[in-house]
1. Mind checking which residues of the range 790-800 are under 17 Å from residue 704 (Cα atoms) and crowded, with 24+ Cβ neighbours inside 10 Å?
2. In the range 268-296, which residues are over 13 Å from residue 212 (Cα atoms) and surrounded by fewer than 24 Cβ atoms within 10 Å (Cβ to Cβ)?
3. If we keep just the residues of the range 439-454 that are assigned to a strand (DSSP E or B) and modelled with pLDDT of 95 or more, which is surrounded by the fewest Cβ atoms within 10 Å (Cβ to Cβ)?
4. I'm checking my understanding of the structure. Among residues of the range 833-856 that are assigned to a loop (DSSP other than H, G, I, E, B) and without any contact (Cβ under 8 Å) to a residue 40 or more places away in the chain, which one is farthest from residue 896 (Cα to Cα)?
5. Being closer than 25 Å to residue 985 by Cα, free of Cβ contacts under 8 Å to residues at least 60 places away in the same chain and assigned by TED's automatic domain parsing to the domain that holds residue 991 narrows it down to one of 935, 917, 905, so name that one.
6. Which residues, counting only those in the range 681-727, are assigned to a loop (DSSP other than H, G, I, E, B), in contact with a Ser or Thr (Cβ under 8 Å, 6 or more places away or on another chain) and surrounded by fewer than 24 Cβ atoms within 10 Å (Cβ to Cβ)?
7. Looking at the range 491-504, which of the residues that are more than 22 Å from the chain's Cα centre (by Cα) and not hydroxyl-bearing (Ser, Thr, Tyr) is surrounded by the most Cβ atoms within 10 Å (Cβ to Cβ)?
8. Here are the criteria: (1) part of a loop (DSSP other than H, G, I, E, B); (2) in contact with a His (Cβ under 6 Å, 6 or more places away or on another chain); (3) not acidic (Asp, Glu). Tell me which single one residue 896 does not satisfy.
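The values are calculated or read from the model by the stated rules, or taken from the named source; none is laboratory data. As the structure is a prediction and not an experimental result, all values here were calculated from the model. When we count neighbours, we look across all protein chains shown, and the Cβ atoms used for this are built from the backbone with ideal geometry, even at glycine.
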Amino acid sequence: FHHGVVSNSVTANTTTLTFLNCSGGEGGSSNYGADFPGNFTMVSGALQFTNVVGGGTAANNYGVYVESASVVRAPTILGTDILGGPGSGSNYGLYVTGTLGSNTTAELLISAGSLGMGSSEYGINLAGTVIGETMAFTGTGGGLYSSSSSGNYGIYVNGAVLNASSVITLTGIGGTGLGGGHHGVVMNGATATNSVTFSNCSGGTGSSANYGVNFSGSLQLVTGTIQFTNITGGGPGTGNHGVSIGANVTAPQILGSDIYAGPGSGSDYGIYVIGGTLGSNATNQMILSAGSLGMGSSEIGIYIANNVIANTLSLTGTGGGFYSSSGAGNYGIYLGGTIGASSAATLIGLGGVGTGGSHYGVQVNISTANTSSLTFLNCTGGTGGASNYGVNFTSNFAMSSGILQFTNVTGGGISTDNHGVVVAAAVTAPTILGADIFGGPGATRNYGLYVTGSLGSSITNQLRISAGSLGTADSEYGIYITGNVTSNTIALTGSGGGLYSNSSSAGNYGIYLNGAILTSTTTALLTGFGGMGTGGSHHGVAAASTSVNNSVTFLNCIGGSGGSSNYGVNFIGSFSMVTGTLQFTNVTGGGPLTGNYGVNVASTVTAPIILGQDICGGPGFGNNYGLSVTGTLGSSATAQIQIVAGSIGTGSSEYGIFISGSIIAGTVSLTATAGGLYSNNVSGNHGISLSAAAFTSSSSVTLTGIGGTGLGGGHYGVQTATSLQLNSPIATFENCIGGTGGSGNIGVNFAVPLTMVSGALQFINISGGGPNGNNHGLVISSSMTVPTLTAVDLFGGPGNSTDYGLYLQGGTITTTAINVIAGSLGTGSNEIGIYDAGTMIADTIVLSGTGGGLYSGSGSGNHGIALDGATLKGATFVTISGIGGSGGGGGNYGVQTATSLQLNSSAASFLNCIGGSGGAANYGVNIIVPITMVSGTLKFLNVSGGGSNGNNHGLVITSTVTAPTFIAADLYGGPGNGTDYGLYLNGGTLSTNVLEVIAGSLGTGSNEIGIYDAGTMIASSLRLKGSGGGLYSSSGQQNYGIQLIGAVLTTSGTAILTGVGGTGGGGQHHGITVNSVSSNTSIMEFLNCVGGNGGTGNYGVNFAGNFSMVMGTLQFSNVTGGGSLTTNYGVYMASTLAVELQSLLRLSSAQISMAVLVLGMTMASISPVARWVVARPTRLTFSPALSALSVMSMASMLAER
């Protein structure tokens, strides 16, 4: 007790009282520099302590001691260089257990320390009351570095009352000693009446747990602010925290900046809330910024293990560590307690450094946050090692109200697995939002958002996250979900990472759903942008083993850049939805090489409704598909699949849709447009490519394909390969168009067998492309077995040659009903509506074809239908209608036959067939191959040649046609300018039981003949009716109703020929003209024959050449010459008429009123009605067995008549 100065009940009336160079004595303990055991009062002036030191070598040697019974008052109280003595423990610079200052104290500024070398060497120990308008205490702890001392505090506030009307400032610097625990300031229970600022506080040195400020007891401010400025923990061991909160600390406002854990070796926290509560419901604002200077592991900026409460809360934490050390787990903020913020809470965490990695910006290991808004802002994972996350949730976290938000959250670097936000537990809030979340700039697997637990719950109304990756290698995902995401509304936007020039940079997905479960009561919206890198496979969204509860939309998804196989959406594993709609909108593959699909289904994808539009293969160069299905899309529970897709690829095989798997739904509708570039020599860009595809539908399947472009051609609207299954009541190929560029651009190409057990197959509005040749509408080159087949509006494309509407190329169609309407838009030659080189088998077959061509062009051979080696088997009927096209080269037939033709039907009809326009020889139907029908009827009805030159015949037969019944009606030579025949039997043979022909000519020139027979007709019953053509005002001539030239007519019954001559000023329009004809009939009758009009010499029947009958009766009935001028004979014989034994020549008295026939003489008799002229000695040649009596009897009979 050797004190330098003892002041007991002193009043000092002076302007300044200074305790200067005071020092406690030596020996024992408790040697004080200045001791106040009683009151000390100064009414005015300043009380000052300068260089006041405790004494002794033992303990409790205080510099200045204000004892418990003392009150020390002065208007101003100042103190510097106040030191506890060099003792062995508890040597305080300033020790207050009484009262220091009063209400009249305007300023109280004390700086004190300790020279003590033991433990508990405090600079300032406040255990009483301190009063002043403004007060500032600066304390420095003592101790000896080499000793085992501990607990040397700069300032120790132990149950003190700090009464200040303005601001209280505490600056504490911890002492030293190997025992550690040297805190800058220790608050062990204090009451402060106004703001308290902890400024420039620093933990001491030696061992561990040296805190800048330590709250081991409560501090509660009713008014004012608690502020921490430039607070640093000590060192060099572990646990050197900047500010440690172990009790309740509250104030209306709590602020902190430049708070750092000390340069320790591990577990050094800037702010450590270990017990009690920091803040309260009365705290309006809490803003704290802290970091760590620690160089080991677990160097955390802010560590919250208990409660933090404020109306508005903002925490910014920066992890520590040393770049070259092996430190790990240096977090910016660690949340292990409860956060409460009635208004908003903002957390900013920056991870530290160290090669051990796992430096998180914010580590969340708490169960709840009671706030209306919790925002993780500008959080960044650290550097060094791997797994440096921006925000990491490792335990369940729940907000019962408010918004959970992530803004500008980034993983660290530079190695692998540096994720932006990791959810490894259950995280829920009413609203969850995230923007600018990024995986860090690491080398592999750096995800923006990584969910392995669950994000959201049934209370979550809205969940919207936008995330990406700054990773530079492979598997750099924007969003990676292997757990559950639940919300009323879900919207996820992910962007993959990678480095364009990195060859190992591959598989960088925008969003990766791997075993994920998405649950939404309304809809889930997914937007993914693939990353980059020359390794490719950068998908916008990848999904594997994922299930979704309710609707999901993949919106604005784009594959990445670099390498190949960059898909907009890739289903690499199963994806299932029990309810709702699966929708794809504006989904595009990436680039720039090959195989960049818009949507790839390589597994099973199912939903009640599946819709897609604006799905495009990427801008690569080859095999860039809009939709690729190699797995299964849909299921029996899928009511509808409707997809619209295309390709913006610029190479070959740029398909809109590629199906090599299964499509299953109630209703299926696929529409696709292929890609390519017009100026590139690329080919095979199909709208839809079906390769080993299978469709199953309970209602209908509709496919619409539009071929792409490229000079290489072969761009199909729809292509089939390998195999195809269609199981649907109705399967329709509709509005399919071949592409542009080169040739061989086909609307629909069937190159594989097709079997439909039930239902109808339809082709509607199918067109080939252009601009060169072979652009067919529908090509079938394999077998097709379907219940019914209907094809309407099939067109060969606008090419320059050989463009067919339907091309049955060696294939076989088997069905109950075939109905085809086809044409050609081609502008060259061989532009054919239907080209049948295969087999059709059905109960009913109806074919209607229209040829193409250009009237002003030189094209030819533009047939409505070409039957080239065709087989038509129609159990009930076959109906063929062909309309020839146009072109100056002519030869444009309504129906053309070639190679061979088989017709097996009860009724085969060529109906409404018309030859084309342009040039000559445009036939309605041209039969140049044998036809044999074992049963049934062969009909040609309303068959007309075309125009506008000559030789436009209605029906041309140059081969053998055999049928039980042959009926031809309304056959017409076309409106040409000469030689247009209704029926032209040109060396061919018609063999039938019943043969009936009604034909005429619409020609306007000469030789416009109804029936031109230069072949053989064999029938049991034969009836020919022919009407000549011509134009009354023209000079046309020889327009016969029927011309028989070199013909053979054979019938076991009656042959009836009726001819009506045509018209024209040139005359000689005979009803029938006969030249070199053989008739093998029982009765051959020329009935109702009439010569034509115009000019002269219009005979009813003209025998211009020999005529012979082996047997039977030759009869003329109602035969009349035509014209209004002269020499219009009824029957004119200018040749040999040979009638064999048993033949009887009959002339009708109704038409020939007077005739005389005398054997061997030439006579003439003229009647106003008709004329029969034997122009030269005519021989009626009878068999030698005919008796003279019989001859004379016949002569008498004729003479009488």
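1. Answer for the range 790-800, where residues must be under 17 Å from residue 704 (Cα atoms) and crowded, with 24+ Cβ neighbours inside 10 Å: 791, 794, 795, 796, 797.
2. Taking the range 268-296 and keeping what is over 13 Å from residue 212 (Cα atoms), we get 273-289, 294-296.
Across the range 268-296, the qualifying residues are 274, 275, 276, 277, 280, 281, 282, 284, 285, 287, 289.
3. Filtering the range 439-454 for residues that are assigned to a strand (DSSP E or B) and modelled with pLDDT of 95 or more, the one surrounded by the fewest Cβ atoms within 10 Å (Cβ to Cβ) comes out as 454.
4. 856
5. Values: 917 fails: free of Cβ contacts under 8 Å to residues at least 60 places away in the same chain; 905 fails: free of Cβ contacts under 8 Å to residues at least 60 places away in the same chain.
Criteria check complete, one pass: 935.
6. The answer is 711, 712.
7. Narrowing the range 491-504 to residues more than 22 Å from the chain's Cα centre (by Cα): 498-504.
Now restrict to residues that are not hydroxyl-bearing (Ser, Thr, Tyr): 498-499, 502.
Values: 498: 31, 499: 21, 502: 18.
Once the filter is applied, the top-ranked residue is 498.
8. Result: residue 896 fails condition (1) only.
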